[in-house]
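A.B. asks: Got a structure for you, written out below as structure tokens; questions coming shortly.
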Amino acid sequence: MRIYDIIAKKRDGFTLSKEEIEYFVSGFTKGEIPDYQIAALLMAVYFSGMNEEETLYLTMAMANSGDLLDLSRISGIKVDKHSTGGVGDKTSLVIAPMVAAAGIPVAKMSGRGLGHTGGTIDKLESIPGFSVVLSEEQFIENVNRIKIALVGQTANLAPADKKLYALRDVTATIDNMSLIASSIMSKKLASGADAIVLDVKTGSGAFMQSEDNAICLARQMVSIGTGAGKNTIAVVTNMDEPLGNAVGNALEIQEVIDTLNGNGPKDLLEVSLVLGAFMLILAGKTDTVEEGIGILEGTIADGSAKTKFKELIEAQGGNSDILDNSGLLPKANIIMTITADAEGFVGSIDAKTIGKASLVLGGGRETKESSIDYSVGVVLKKKVGDRVESGECVALLYANEPDRLKQAEELVREAYVFSDKPVQRQKLIKWIVSKEGISKY
Ligand code: URA
């Protein structure tokens, strides 16, 4: 087999075989095929596309390129949850304790944030002492003992994807549906779950801004999961405005605690309950979303989800006193109030721009190497549809460096668009995509 022939075949629009795909993935991962040939192949895939079978073969080859987590020593059906990334998206941290409290094991590997989107692992690291690194033994032991463990991805998880993603990033080939779907799913398959619930975000703060593209990505990922023998469901959810009120690591942890105490924002709770309910369905705990939501609401009402979060924090070395004493979370020195110039209604809040404001304050990463200030961020006091009086507070900025405030303030002001007339809130949960097809929620 020759890489030259594989490039030419894809350039001319033909379908690659399983062997050809495995050959280039393995050769590239081992460093036997140079970047320039894979770059050419990626561009050929970008223009010629890949069909469902090719996309599945690519996903499997990338998943099998490194560590494959074996979760068979954990009893029960292990359901993973993945979000395509958003602003203020802390659903995993609300869902995991609720689902674990309902008796379903949660053995989850999560990623770090990059650019305007935050990562679950960074949020967890804002809890003093919390370690996101556990040995495989400890990870499995924790899930067997307390039903929950949340860790960062191991360095050798789908290394082929890591190399291919880095090359896509510099060759303008990120934006291809098969490449995105296979990249995400390769890491999910290598993480060893039996079933997968995907939250595919759509809107201004999402990777997939249009609903059609989000549905297309959801379909491809469900097809890959199903093809790999994993029960997979995708929920397409709205990310036109940030989810919840807090954007920024420690601020988001506080919002998770509020939510587990029964005082969280309605939108965050709604998305968390629906995604969590699908996890319960795939785990065989219930048959309907309504019943699943009822079970999860029960874990908040009786305090068992909060207790589970406490157990998780303690098992991974964190200070669980944060649950009842918010003063123990990292705190910013400066809090700046942004007020409305006139009365009206909040028409829209551009999620990406709010994410950028948090990034400017130091709450996110510009590059993989950047360090994060866990205490900073933005808290939205007014969301889409809310009425605002002139001079009323719409958002708070949490900062440590005064010279970053001006730019962050400008971004938040740019993100908010006001209207004279009452504004209808968008539906949060838009579509459910399963192997049976697509349906409106
Ligand atoms: N997230 C990934 O992991 N891969 C992509 O290609 C895009 C988003």
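The values are calculated or read from the model by the stated rules, or taken from the named source; none is laboratory data. In this text, all values refer to a predicted model and were calculated from it rather than measured experimentally. All Cβ positions, even for glycine, are placed from backbone atoms using ideal geometry, and neighbour counts span all protein chains on display. When the accessible area is computed, the model is the full protein with side chains, heavy atoms only, and any ligands, DNA or RNA have been set aside. Shrake-Rupley method; radii C 1.70, N 1.55, O 1.52, S 1.80 Å.
A.B. asks: Could you give the alpha-carbon Rg of the chain over 2.2 N^0.38 Å, rounded to two decimals?
C.D. replies: 0.98
A.B. asks: Do you know the relative contact order of the chain, to the nearest whole percent, from alpha carbon pairs under 8 angstrom that are 6+ apart?
C.D. replies: 19
A.B. asks: Quick check for me: using +1 on Lys/Arg Cβ and -1 on Asp/Glu Cβ, what's the dipole size of the chain about its Cα centre, in debye to the nearest 20?
C.D. replies: Values: 46 positive and 58 negative charges, 87 e Å.
The dipole of the chain has a size of about 420 debye.
A.B. asks: Leaving out ligands and nucleic acids, and using a 1.4 Å probe, what accessible area per residue does the chain come to in Å²?
C.D. replies: Per-residue accessible area for the chain comes out at 40 Å².
A.B. asks: Using the beta-carbon distance between residue 175 and residue 435 and R0 = 25 Å, what value does 1/(1 + (r/R0)^6) give for FRET efficiency, to the nearest 0.05?
C.D. replies: 0.45
A.B. asks: Okay, helix-only estimate at 222 nm for the chain: each DSSP H run of n ≥ 4 adds -39500 (n - 2.57), divide by all residues, round to 500 deg cm²/dmol; what do you get?
C.D. replies: About -13500 deg cm²/dmol.
A.B. asks: Using only alpha carbon pairs under 8 Å that are at least six residues apart, calculate the relative contact order of the stretch 3-49 and give it in whole percent.
C.D. replies: The value is 53 percent.
A.B. asks: For the stretch 388-441, state which GluC sites (Glu not before Pro) are in a DSSP loop and have at most 13 other beta carbons lying within 10 Å of their beta carbon.
C.D. replies: For GluC sites (Glu not before Pro) across the stretch 388-441 that sit outside H, G, I, E and B with at most 13 neighbouring Cβ atoms in 10 Å, the list reads 389, 436.
A.B. asks: Putting +1 on Lys and Arg Cβ atoms and -1 on Asp and Glu Cβ atoms, find which of 294, 438, 362 reaches farthest to the positive end of the dipole of the stretch 291-441.
C.D. replies: 438
A.B. asks: Rounded to the nearest 5, what is the percent of antiparallel bridges among the DSSP beta bridges in the chain?
C.D. replies: 55
A.B. asks: Work out the charge dipole of the stretch 329-419 with +1 on the Cβ of Lys and Arg and -1 on the Cβ of Asp and Glu about the Cα centre, then indicate which of 384, 372, 408 is farthest towards its positive end.
C.D. replies: Farthest along the dipole direction, towards plus: 372.
A.B. asks: How far apart, in nm, are the 7 Å Cα→Cβ label points at residue 15 and residue 133?
C.D. replies: 4.5
A.B. asks: Could you sort 232-241, 174-183 so that the peptide with the highest average Cβ count within 10 Å comes first and the rest follow in order?
C.D. replies: Put in order of decreasing packing, that is 232-241, 174-183.
A.B. asks: Still on this model: For the stretch 313-330, just list the computed ³J(HN,Hα) in residue order, Karplus coefficients 6.51, -1.76 and 1.60, θ = phi - 60°, integers in Hz, with x standing in for Gly and Pro.
C.D. replies: Couplings: 4, 5, 5, 10, x, x, 8, 6, 4, 4, 5, 10, 9, 5, x, 8, 7, x Hz.
A.B. asks: Tell me the net charge near residue 94. Cut-off is 15 Å between Cβ atoms, residue 94 excluded, with +1 for each Lys or Arg and -1 for each Asp or Glu.
C.D. replies: Around residue 94, the surrounding residues sum to 0.
A.B. asks: Given the options 150, 399, 71, identify the residue whose Cα lies farthest towards the positive end of the charge dipole of the chain (+1 on Cβ of Lys, Arg; -1 on Cβ of Asp, Glu).
C.D. replies: About the Cα centre, the residue reaching furthest to the positive side is 71.
A.B. asks: For the chain, give the percent of accessible area contributed by carbon and sulfur heavy atoms, probe 1.4 Å, rounded to a whole number.
C.D. replies: Here carbon and sulfur together make up 49 percent of the probe-accessible area.
A.B. asks: Sticking with this structure for a sec: Given the pairs 331/383; 188/368; 108/430; 383/435; 356/440, which span a C-alpha to C-alpha distance of over 28 angstrom in this model? Write out the running numbers ahead of the final one.
C.D. replies: Numbers: 331/383 24 Å; 188/368 21 Å; 108/430 25 Å; 383/435 35 Å; 356/440 31 Å.
Correct reply: 383/435; 356/440.
A.B. asks: As an exercise, take the mean of 1/r over every pair of distinct alpha carbons in the stretch 329-419, invert it, and state the Kirkwood radius in angstroms.
C.D. replies: In the stretch 329-419 this quantity evaluates to 13.4 Å.
A.B. asks: For the stretch 144-167 and the stretch 11-88, what is the separation of their Cα centres, given in Å?
C.D. replies: Cα centroid of the stretch 144-167 versus Cα centroid of the stretch 11-88: 15 Å apart.
A.B. asks: Something else about it: For the stretch 283-409, what's the relative contact order in percent, using C-alpha pairs closer than 8 Å and at least 6 residues apart? Working shown, then result.
C.D. replies: Working: 167 pairs, mean separation 34.6, N = 127.
It rounds to 27 percent for the stretch 283-409.
A.B. asks: Per 0.36 nm of contour for each residue apart, how much would the distance between residue 4 and residue 410 grow if the chain were fully extended, relative to their Cα-Cα spacing?
C.D. replies: Working: separation 406, 0.36 × 406 = 146.16 nm, distance 5.05 nm.
So the extension gain works out to 141.1 nm.
A.B. asks: Enter the Cα centre distance for the pair the stretch 368-441 and the stretch 257-329, rounded to the nearest angstrom.
C.D. replies: After rounding, the separation between the Cα centres reads 23 Å.
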